Amino acid sequence: MNEEKSGQMNELGDMGAMAWVNAGLTARYRRERRFKFFGLAAIAASLMFLVLLLGAIAIKGYTAFRQTQILLDIHFAPAVFDVHNLASANYAALVRDATLSLFPQAMDRQDRRAAIKLVSIGAAYQLQEMVTRKPELIGATKPIWVLAAGEVDMFVKGHISRDVTENERRISDKQATWIDQLAASGRLRQTFNATFFQAGDSRESELAGIRGAVMGSFFTLAVTLAFSFPIGVAAAVYLEEFAPKNRWADLIEVNINNLAAVPSIVFGLLGLAVFLNCMNLPRSASLVGGLVLTLMTLPTIIIASRASLRSVPSSIREAALGIGASQMQTVVHHVLPLSMPGMMTGAIIGMARALGETAPLLMIGMVAFIVDVPRGFSDPATVLPVQIYLWANNPERAFVERTAAAIMVLLLLLLAINASAVLLRNKFERRW
Amino acid sequence: MSLPLLVTLILLLSSLTYWLGCRRAFMLARQSLSGKLHSRPYYYGVLAGLWCGLPSLAVVVVWHLAAEPLLIRMAMDGVAAAKGISSPDQANLLVNDLRNLVAGTMMAHKVDPLIQAAADQYLGMRRISDLALATVALSTALAGACLLLKRIRPTLRARNQVERVIKVVLTLCSTLAVFITIGIVLSVLLESIRFFQQVSPTDFLFGFKWSPQMAIRADQTGSSGSFGAIPVLVGTFLISGIAMVIAVPLGLMSAIYLSEYAGARFRAAVKPLLEILAGVPTVVYGFFAALVVAPAIKDLGAMVGLPVASESALAAGLVMGIMIIPFVSSLSDDVINAVPQSLRDGSYGLGATKSETIKLVILPAALPGIVGSILLAVSRAIGETMIVVMAAGMAANLTFNPFKAATTVTVQIVTLLVGDQEFDSPKTLAAFALGLLLFIVTLALNVIALYVVRKYREEYE
């Protein structure tokens, strides 16, 4: 570069410095424009990735919010029911008979089985619930919309292609014609997928929902918040307001900064070794998950709370001390209330991170297949991100759709949490 | 009496004591015409409440920690002797049976009658122990309350005592961070030491073959050398390297554009969008990598005739890079903004263009900070788990080819530890050894990053 310049200088020496500068300007401006373009391109690329990510998830997942149902004429034959024990009747047989009556042409064993498979096994539970709630149904024949099987749902939504050969798809040609028949006779419809929000996990895609995972996330986060916020604030108050500036305080400070950068999976190992192996707390419980996430979010909350405490001007403290308040009174009555919005913002952001965390929870066994919706802190539970991980591992097409839908729910929850943090900050933040 | 009930009772009792203490202090304040109270009245109440609640809660905690192992030992004493078991491992198995039986997670009919008897004995003793605990804790609470309520008089320095208690609590909370670190180091280290007793550290660190699944069979443990971590480490650095190739240029250029070129409105619009990228949970990136990016790369490879594994390192690295972009860009943004305006003005005054100023003045001045932020980003990439668990391979191939499947330290930890395993096999212990390695590497990167930033920071003004 330099040699080139000095060469130019000699060549153009008598033309004066201005001329030399002007001669190089076009090239320099071109470089300038190129550099600026690179910067803009980098931002555009990053934003394109964001759009791609969200777009791919939305496209893969939006169909999961609708669900295919089949209209069956169920005859509640009195012979099937035992009046004293309505719950134990053979509801599957009712569904089977109603299904087969739709397809009189299905005569041999194989065909009958294929026909029965069109309807979800959840239909029997649906009937059971209906009858136990309304026993007078017995003896009547009623048209009832029941859930279609997951494969039928996928076929109707076009996720199982008709074009591939029969043995490469999970719907046979015969089943496909039956489905078309059903659609033509108005016995097929798509409704809002309420099951997805009301049910726990299931092996059957059409019965699987996120309720269990959402409740698990709720319990886990409740534990996390209950422990990490008070402890985090207390630690921050001590470090900012009371700690003598000595080596011990330095050590704690370095420690907190390092903990904030420790990979989350290491906290999972800690939880496994301490909470499960040493303290014998229950595996898969949201209590343990919450404790592990507490350890993980604590540094974040301490750092945010300290920043918030530091932003309270010292004039406030001096004024309080000046009229005779003790140091503790100064902090509790004045500094803490003024810094509370900032601390709460920090805590909310910490909670958002905890809500999206998966890896440490895998370590403490929250990956189990759990059908029941958890009702307490020690029930076996899973959380929304882990549910997403579990479903993502399931090769069935219907679960891909549900995975993406669960991701959308998770992202919406995160958006809501972060938005509340922003609102809180805008409403209460003070500039001194 | 169940534990929650007992704790609630103690808390109720101490609130009552608080109220009594306050009342007594107010009464004293009204009575004493000559001397005023030392503290404001409610401090006396708080002090009384603390005296009532703290000692008895301490009793509850200590009792619970001490009683459980003691009771189990007492219950199992007879069983171990009757079965003629001497090794601690087998005794532990029996203890586990007992625990499961008591917790109701094991069917009673499958159980040895001896253990059943021990469990009954244990439950009986626990009932007695719980009752004793309730008596002791409640009488401690009452004694504490009475002691203090009697001591309330105007000269009692209630505020100072309350403040001292609060300060102790605050100090304890702040030292928790240190205890977490110690806990991490100890838990990972202790299990790793057990691992290294079975597999030599040199085999682990310099071995070229990683196949922990083989080691289940007893005849292969340790001797087969199947715990060589090199392929796992190579995979980790390959994927992190790909991530950094994506994240560093994009993140750095975005930061430069945002801080040097962009107007206030553009910046206000784009920065939050980039931060969304940072707020997306990693499991979402994992899904994106496994179901969108990896198939796309595979199809692309097939189109140009390149064999690409369906779990290629490239897909995982690429998506990890996207995840790290906002991390690099926001850290670099802070560093670039910290360069004083006078440097820019000086450079412009000499006739430099904006890009020349950035390249020749600002970036050199901000270099230590940028290097620090890149090191932090590397440590983030190495410790990232979900993307690689979902999109990278499980088998450890020693390869530098980004189109092949590679595995990482975090993937191995997850695969080794998820599911039910015997806790003494080298297979599960290996996960802790890998965890130790991960902890040390990320810690070292963080320390170096902070050191670089602190040491080479140009001091202005």
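If you take the residues of the range A:221-235 that are crowded, with 20+ Cβ neighbours inside 10 Å and within 14 Å of chain B (Cβ to nearest Cβ), which of them is nearest to A:GLN69 (Cα to Cα)?
Taking the candidates together, the pick is A:LEU221.
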Would you say A:ARG402 is more than 23 Å from A:SER228 (Cβ to Cβ), in contact (Cβ under 8 Å) with a residue 12 or more places away in the chain, of a type in the set (Lys, Arg) and buried (at least 24 other Cβ atoms within 10 Å of the Cβ)? yes
Among the residues of the range B:46-56, is any in a helix (DSSP H, G or I), touching a residue at least 24 places away in the same chain (Cβ under 8 Å) and surrounded by fewer than 19 Cβ atoms within 10 Å (Cβ to Cβ)? yes
When you go through (1) more than 19 Å from B:LEU436 (Cα to Cα); (2) more than 7 Å from every other protein chain (Cβ to nearest Cβ); (3) buried (at least 21 other Cβ atoms within 10 Å of the Cβ) one by one for A:ARG283, which number turns out not to apply? (3)
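Every residue, every condition in (1) touching a Gly at 6+ places or on another chain (Cβ under 7 Å); (2) facing another protein chain (nearest Cβ under 9 Å); (3) surrounded by fewer than 20 Cβ atoms within 10 Å (Cβ to Cβ), yes or no:
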| residue | (1), (2), (3) |
| --- | --- |
| B:GLY228 | yes, no, no |
| B:GLY235 | no, no, no |
| B:LEU252 | no, yes, no |
| B:ALA262 | no, yes, yes |
| B:ALA269 | no, no, yes |
| B:GLY286 | no, yes, no |
| B:ALA289 | no, no, no |
All positions within the range B:331-366 that are closer than 17 Å to B:VAL248 by Cβ, surrounded by fewer than 18 Cβ atoms within 10 Å (Cβ to Cβ) and within 10 Å of another protein chain (Cβ to nearest Cβ): B:LYS359
Quick one: would you say B:LEU148 is in contact with a Gly (Cβ under 8 Å, 6 or more places away or on another chain) and in contact (Cβ under 8 Å) with a residue 40 or more places away in the chain? yes
Just checking: which of the helices (runs of 4 or more DSSP H) contained wholly in the range A:137-244 hold 1 or more residues that are within 30 Å of B:ILE166 (Cα to Cα) and either among the polar types (S, T, N, Q) or not assigned by TED's automatic domain parsing to the domain that holds A:PRO299 (or both)? A:211-237
Under the condition of being of a type in the set (Ser, Thr, Tyr) and in contact (Cβ under 8 Å) with a residue 12 or more places away in the chain, which residue from the range A:183-211 is surrounded by the most Cβ atoms within 10 Å (Cβ to Cβ)? A:SER205
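Every residue, every condition in (1) surrounded by fewer than 23 Cβ atoms within 10 Å (Cβ to Cβ); (2) in the same structural domain as A:ALA260 (by TED's automatic domain parsing); (3) in contact (Cβ under 8 Å) with a residue 40 or more places away in the chain, yes or no:
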{"position": "A:GLU318", "(1), (2), (3)": "yes, yes, no"}
{"position": "A:ALA325", "(1), (2), (3)": "yes, yes, no"}
{"position": "A:GLY342", "(1), (2), (3)": "no, yes, yes"}
{"position": "A:GLY365", "(1), (2), (3)": "yes, yes, yes"}
{"position": "A:ALA368", "(1), (2), (3)": "yes, yes, yes"}
{"position": "A:VAL373", "(1), (2), (3)": "yes, yes, yes"}
Of the conditions (1) in contact (Cβ under 8 Å) with a residue 60 or more places away in the chain; (2) in the same structural domain as A:ILE388 (by TED's automatic domain parsing); (3) within 22 Å of A:LEU412 (Cβ to Cβ), A:LEU298 clears all except one; give me its number. (3)
I need the full set of residues from the range B:161-177 which are in contact (Cβ under 8 Å) with a residue 60 or more places away in the chain and either surrounded by fewer than 20 Cβ atoms within 10 Å (Cβ to Cβ) or facing chain A (nearest Cβ under 7 Å) (or both), in order please. B:GLN161, B:VAL165
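Here is a yes/no grid of residues against (1) modelled with pLDDT of 85 or more; (2) closer than 30 Å to B:ALA67 by Cα; (3) in contact with a helix residue (DSSP H, G or I) (Cβ under 6 Å, 6 or more places away or on another chain):
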site: A:PRO230; (1), (2), (3): yes, yes, no
site: A:LEU239; (1), (2), (3): yes, no, yes
site: A:ALA249; (1), (2), (3): no, no, no
site: A:ILE256; (1), (2), (3): yes, no, yes
site: A:ALA261; (1), (2), (3): yes, no, yes
site: A:GLY271; (1), (2), (3): yes, yes, yes
Residues that are charged (D, E, K, R), in a loop (DSSP other than H, G, I, E, B) and surrounded by 22 or more Cβ atoms within 10 Å (Cβ to Cβ): does the range B:385-404 have at least one? no
Give the residue that is farthest from B:VAL389 (Cα to Cα), with candidates limited to residues of the range A:381-432 that are over 18 Å from the mean Cα position of the chain (by Cα) and assigned to a loop (DSSP other than H, G, I, E, B). A:TRP432
It is to be established whether one or more residues within the range A:253-265 are among the hydroxyl-bearing types (Ser, Thr, Tyr) and either surrounded by fewer than 21 Cβ atoms within 10 Å (Cβ to Cβ) or outside the structural domain of A:PRO385 (by TED's automatic domain parsing) (or both). no
Does A:ILE43 fit the bill of being within 14 Å of chain B (Cβ to nearest Cβ) and loosely packed, with under 14 Cβ neighbours inside 10 Å? no
Among the residues of the range B:365-380, is any assigned by TED's automatic domain parsing to the domain that holds B:VAL232 and more than 30 Å from A:ARG34 (Cα to Cα)? yes
Out of (1) closer than 24 Å to A:LEU54 by Cβ; (2) touching a residue at least 12 places away in the same chain (Cβ under 8 Å), the odd one out for B:ARG267 is which? (2)
B:SER379 being of a type in the set (Ser, Thr, Tyr), over 23 Å from A:LEU47 (Cβ atoms), away from chain A (no Cβ under 13 Å) and crowded, with 21+ Cβ neighbours inside 10 Å: no
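The values are calculated or read from the model by the stated rules, or taken from the named source; none is laboratory data. In this text, all values refer to a predicted model and were calculated from it rather than measured experimentally. Note that we place each Cβ from the backbone using ideal geometry, even for glycine, and neighbour counts take in every protein chain shown.
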